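Accompanying notes for the structure given below.
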Amino acid sequence: MSSKFFIHYWGPLLFRIKLKTEDIKAVRKICDGGTEKYNTQLAGIIDNEIKIDETKYNKILQPYLEAFKDAFKMWYLADVTEIKMNNAWVNYMKKGESNPPHIHHRCNMSSVLLLQVPATLKKEQRDWTGSGMGPGVLSFSTGNPHAFHTNSFEFKPEAGDFFMFPWNLTHTVSSYKSNSTRISVAANFSLNSTGVFYK
């Protein structure tokens, strides 16, 4: 029996699931052991982006990737026959930093896991009075806006929220003003399936 998951119904598959507390702690331990700077490979306007051990991270994600396979089959009517993590890194985002709109290359699927969303950022989001969902928000968008057409989603993710999506789905994280650190982990995957539509 697969874990509970959410599918957001639009063009591409946007998969979301919650990691267990013990798995969040295990991923955090892997991140704390990383030392290799990864900035030159990434689009983020973030000083501290660190490569992590994808083999260890992938092992923790296995139950959640099984749920992803179920979601993939529901969405695309195709089975995932193989899924491999290509690389993974942790983003320690701080005051004034951001991740501009971007996509990922040399993979089929990308992912984001939130490890830490500080209380000061949550308060800043609650106090936000402008349009949209405000500071520190994770956004996904595809194509141009059309009448009666959902082309974007915004989230205020909590620690443990894991998102998986096609490599070419544009995503971004807005900056914030509070003096705190938002921690997220990104990873890219190659997969094979009974369909060939993603190649």
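So here's what we get for this one:
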{"read-out": "Whichever residue in segment 142-172 is assigned to a loop (DSSP other than H, G, I, E, B) and touching a Pro at 6+ places or on another chain (Cβ under 9 Å) and, among such residues, is farthest from Leu113 (Cα to Cα)", "value": "Asn151"}
{"read-out": "Checking Val137 against (1) open to solvent by less than 70 Å² (accessible area, probe 1.4 Å); (2) under 23 Å from Ser3 (Cα atoms); (3) β-branched (Val, Ile, Thr), the condition it does not meet", "value": "(2)"}
{"read-out": "Tally, over segment 1-37, of residues that are of a type in the set (Phe, Trp, Tyr) and modelled with pLDDT of 95 or more", "value": "1"}
{"read-out": "Selection within segment 44-65 - more than 19 Å from Asp23 (Cβ to Cβ) and part of a loop (DSSP other than H, G, I, E, B)", "value": "Gly44, Ile46, Asp47"}
{"read-out": "Residues located in segment 113-139, provided they are closer than 25 Å to Asn86 by Cα and either touching a Ser or Thr at 6+ places or on another chain (Cβ under 6 Å) or modelled with pLDDT under 95 (or both)", "value": "Leu114, Ser139"}
{"read-out": "Residue that is in a loop (DSSP other than H, G, I, E, B) and closer than 17 Å to Asn91 by Cα, where the choices are Ser131, Ser110, Ser175, Ser139", "value": "Ser175"}
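The values are calculated or read from the model by the stated rules, or taken from the named source; none is laboratory data. What you are looking at is a predicted structure, and each value in this text was computed from that prediction instead of being measured. Glycine also receives a Cβ, built like all others from the backbone with ideal geometry; neighbour counts cover every protein chain displayed. The protein model used for the area step is the full one, side chains on, heavy atoms only, and it has no ligands, DNA or RNA in it. Shrake-Rupley method; radii C 1.70, N 1.55, O 1.52, S 1.80 Å.
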